[in-house]
Amino acid sequence: MNIQLTVNGKVQEKDVDPRLLLVHFIRDDLGLTGTKIGCDTSQCGACVVSMDGKTVKSCTCLAVQANGSEITTIEGVSNNGELDPVQEAFWNNHGLQCGYCTSGMIITTMELLKKNANPSDDEIRDGLKGNICRCTGYQNIVKSIQAAAEVMRS
Amino acid sequence: MTTRIFGSGIRRREDPRLITGGATYTDDVQLPGMLYAAILRSPHAHAKINSVDTSAAAAAPGVVAIYTGADTDGVLNPIPCAWVPPGADLVAVAHPSIAKDVARYQGDAVAVVVAEDRYQAEDALELINVDYSPLPAVTNPEAAMQPGAPQLHEDAPNNQAFHWVAEGGDTDVAFEAADVIVKDKIIQQRLIPNAMEPRSAVASWTRATGELTLWSTSQNPHICRFLASLVTGIGEHKIRVIATEVGGGFGSKIPMYADEMIASFCSMQLGLPVKWTATRSEGFLSTIHGRDHVEYVEMAATREGKITAIRTKIYAGMGAYLSTAGPGVPTILHGLIYSGAYDIGATKADVYGVFSNTTPVDAYRGAGRPEATFLVERLVDLLAVELGIDPVELRRKNLIPKFEDGHDVASGITYDSGDYEPLLNMVLGQADYQALRQEQTRLQESGHYMGIGVTCYAEICGLGPSQVAGAVGFGGGLWESAIVRFHPTGKVNVYSGISPHGQGEETTFAQIISDELGVDVDDVSIVHGDTSNTPMGWGTYGSRTTAVGAAAMVLAARKIKEKARLLAAHLLEAAEADVEYVDGHFTVKGSPDQTKSIQELATMANVAWNLPEGMEPGLEASAFYDPPNFVYPFGTHLAVVDVDADNGHIVIRRYIAGDDCGPQINPMIVEGQVHGGVVQGIGQALWEGAVYNDDGQLITGSMVDYALPRAHLLPNMEVLSTETPSPHNPLGVKGIGETGAIASTVTVYNAVIDALRPLGITSLEMPLTPEKVWRAIRQQQGS
């Protein structure tokens, strides 16, 4: 099937197998390997991308379902090398260790802060229910998100 | 004035590539002409393989080749077990990469499909027709040793893989003389490590040169190369292993796996690069598991509360085959550390390693030491109840007093340094322990169940002296080496055989070298993870990377400084004895103008226009560091939990971690290691646990069924520390990667039991799920 979509501001038109997962389209067809695959049951959130402003787990979405959409992956988050405040906050607050869950965490955070500019720790932790990190124990991720929220509010 | 960056919590240089999607993990590697492998795995825990019919699969679209055990048999050597504890009658059963006659666990590889893309490969798997005759299976290590249990290997009667006993002091005498003995049966449930990056391998064989390049999700690429050489028969000099970015390991990426060797075999057959990447469900079955002990433990003590002995009998599940380091975990890394933080006259570990129809078991965060710490601290709490002594006071009474240079414990090992009581006091102060106990009493009166768990631990890490490695049957050395090289412009590369995969050592090692050589931290880069451009090293595990790997770098840097001093004296026309080093500069004593920076000297050494007679050009050095002893971090952890008696829910109200890993290079990173370790340990206490059914089917085979810690279930941890240097290490540093997981499981477990004790509950099996707690409470109320 022929699909056309915008990924990180660039229009992509491809002929894809109807069963192709969006995450494989992004990683293998477009070569944007910053989006990760951590599970096959829609549990871990490593594959989270933003589709039309909403987070989706790209391992649980077909490429054809993304037809006509606008997608942002981690590669599209920073602007010409200038980090987004969320990225900067994760860096400043040791919000990552191995980095494998980080792309999904950052995209999830961006939506979370768009919905709630001044979240409590509990609200942040609740918002991370769909993202698993095995390294950090989440504490510095929560701290990073609070720091990003503060920067973005000011 | 000398400024040091050691001790500074600078942010990590690894992060920019990780937060922008710019890092390259193994599955991100794309090579021209690359094919994709998918592995067919046995759906049975135990079955005779009568035949494998690949004809339909071979005709499927995109399929390039299919191989079975008949193809790899005799071509690939068995996957070796590399840790064979001596005196244990260990049965080193052959572990074929692809099972040919018998599948011994659900997930055992039976065939591999190579196709043009991963979808085609997966499709073709379904067309392979395997005729199995299912056999009875056994999954529990204690049950596997009982008469009549299904047998896995002909040459391992009763499924006994080994029997290892370590006794120090006379435990029989101590138990006979004891006023009090407390006992327990502990199930150290099987855990599934679940690093977020699934395992992956890209194998690329170059027929013309006979060279194999293997990208592998490994914690130890040099060991991977060593073992790949043994399995494939290719000389090590023609194998290059690259561990690019590795997404967590926690021990699960130490072993040599069949899958990497299958991918290599396919590439060698086809002359094309082949990628294999585990799906998560595949990882649940094929990546090593951890723990899996059935333990009978007992402690002897005097009426006054002096602990005199610990004795155990342990059935340690090894899985269907012996994984790379598997047998070393419940033995050397477990049975020698029963003294923990206490002065105990006699300890004895009696350990059976047992085969079962399950995924092989190997090192998982803490590896043997969480299990040891658990049983010691569980017994201390039981003893406290038995004697009616406050559990903290009982611990304090038995703590090893301060020592700065060596303390022998009963098992025969010598702790390096320790000062346990200050950290205990610090944690108790932070918690306001007395107030907590008062609150507990108050709450109990109103029907609320709050519990406090306190753990004092000492652990063994920083593996380790190579002579000891040899003596305990480890199939390699445990030293590290480093090359430190000044480039002509004064910039520095450090090449190391260690292989960090999330721990941030590109940053912390640069901090160390920056201080050591007096150059800006940004002028130093650490190179690791590729056997073609790094010196031999044994890798990252056992909290050894800094204690051993960084020590090698420091020794190399010191050699460089000595050479630079000689060159400075020559160029400054001064006597060597008159040139002194301060903060990156060599200066003639009393003549501050007569000075050369080490970076200027690097230029002069590299251009070699004017060197002292006999001096070689260049400014670089290599050094090997073989530690004289292990290192022994220690600490006190405290948890406060609230248990809801109506529904069994447990909330961790507070968690305080007090750890001493010696001087901290980067406190921010140390704290991150503590957080992660503590949460993995909490995972074991409350949620995680592999479940097999009677047929040997893994019931918890995905992240839906296996409960990993999630953000909303966890507290903010309070992290404290003291700094007691190791006397034998050039930096005084110990290890911090595993302490959290070593201490937190039993801390939380003891806190929950402390909360439930008024309800008559004194023991529960982990994980302490709400259902289990609720049922136990109901049972008590019904009785």
### Message
For the range A:43-70, give me each residue that is part of a loop (DSSP other than H, G, I, E, B), open to solvent by 40 Å² or more (accessible area, probe 1.4 Å) and either within 12 Å of another protein chain (Cβ to nearest Cβ) or within 14 Å of A:Gln12 (Cβ to Cβ) (or both).
### Response
A:Gln43, A:Asn67, A:Gly68
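Being within 13 Å of another protein chain (Cβ to nearest Cβ) and surrounded by fewer than 24 Cβ atoms within 10 Å (Cβ to Cβ): is that true of B:Val674 here? Quick ask: steps written out before the conclusion?
On the way: within 13 Å of another protein chain (Cβ to nearest Cβ): yes; surrounded by fewer than 24 Cβ atoms within 10 Å (Cβ to Cβ): no.
In short, no.
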### Query
Would a scan of the range B:710-721 turn up a residue that is over 24 Å from A:Cys39 (Cβ atoms), touching a residue at least 60 places away in the same chain (Cβ under 8 Å), away from every other protein chain (no Cβ under 14 Å) and not hydrophobic (A, V, I, L, M, F, W, C)?
yes
### Query
Residues in the range A:18-34 that are open to solvent by less than 40 Å² (accessible area, probe 1.4 Å), assigned to a loop (DSSP other than H, G, I, E, B) and out of contact with any strand residue (DSSP E or B) (no Cβ under 8 Å at 6 or more places or on another chain): how many?
1
### Query
List pairs: first in the range B:382-411 and more than 15 Å from B:Thr636 (Cα to Cα), second of a type in the set (Phe, Trp, Tyr) and in a loop (DSSP other than H, G, I, E, B), Cβ under 7 Å, 6+ apart or cross-chain?
B:Ser411/B:Tyr338
### Task
Report, ordered by the first and then the second residue, all pairs with beta carbons closer than 6 Å, sequence separation of six or more or different chains, a first member in the range B:271-295 that is assigned by TED's automatic domain parsing to the domain that holds B:Leu40, and a second member that is open to solvent by 20 Å² or more (accessible area, probe 1.4 Å) and aromatic (Phe, Trp, Tyr).
B:Lys275/B:Tyr36
### Query
Can you pull out the helices (runs of 4 or more DSSP H) entirely within the range B:333-445 that have at least 1 residues that are among the hydrophobic types (A, V, I, L, M, F, W, C) and open to solvent by 40 Å² or more (accessible area, probe 1.4 Å)?
B:369-387, B:420-431, B:433-445
### Task
Filter the range B:405-430 for residues that are touching a Gly at 6+ places or on another chain (Cβ under 9 Å), polar (S, T, N, Q) and either under 12 Å from B:Gly658 (Cβ atoms) or not assigned by TED's automatic domain parsing to the domain that holds B:Leu336 (or both) and give the result.
B:Gln430
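Residues that are over 20 Å from B:Gly635 (Cα atoms), in the same structural domain as B:Gln438 (by TED's automatic domain parsing) and open to solvent by less than 10 Å² (accessible area, probe 1.4 Å): does the range B:732-739 have at least one?
Checking the range B:732-739: not a single residue is over 20 Å from B:Gly635 (Cα atoms), in the same structural domain as B:Gln438 (by TED's automatic domain parsing) and open to solvent by less than 10 Å² (accessible area, probe 1.4 Å).
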### Task
Among residues belonging to the range B:35-57 that are outside any strand (DSSP E or B) and either touching a helix residue (DSSP H, G or I) at 6+ places or on another chain (Cβ under 8 Å) or open to solvent by less than 20 Å² (accessible area, probe 1.4 Å) (or both), point out the one that is nearest to B:Glu197 (Cα to Cα).
B:Ser42
### Query
Under the condition of being more than 15 Å from A:Val77 (Cα to Cα) and either open to solvent by less than 10 Å² (accessible area, probe 1.4 Å) or among the acidic types (Asp, Glu) (or both), which residue from the range A:1-15 is nearest to the other protein chains (Cβ to nearest Cβ)?
A:Asp15
#### Entry: Meets criteria (basic (Lys, Arg), more than 30 Å from B:Val691 (Cα to Cα) and buried (at least 21 other Cβ atoms within 10 Å of the Cβ)) for B:Arg225
yes
### Message
For a quick check of your reading of the model, give me the residue pairs whose first member lies in the range A:135-154 and is away from every other protein chain (no Cβ under 11 Å), whose second is in a helix (DSSP H, G or I) and among the aromatic types (Phe, Trp, Tyr), with beta-carbon atoms closer than 9 Å and at least 6 apart or on different chains.
### Response
A:Ala147/A:Phe90; A:Ala148/A:Phe90
### Query
Got a sec? Which of B:Gly737, B:Gly662 is more than 14 Å from every other protein chain (Cβ to nearest Cβ) and either farther than 26 Å from B:Ala547 by Cβ or part of a loop (DSSP other than H, G, I, E, B) (or both)?
B:Gly662
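The values are calculated or read from the model by the stated rules, or taken from the named source; none is laboratory data. Predicted, not measured: the structure shown is a model, and the values here were computed from it. Don't worry about glycine lacking a Cβ; one is built from the backbone with ideal geometry, like all the others, and counts go over all protein chains shown. Protein only, heavy atoms only, side chains kept; ligands, DNA and RNA dropped before computing areas. Shrake-Rupley method; radii C 1.70, N 1.55, O 1.52, S 1.80 Å.
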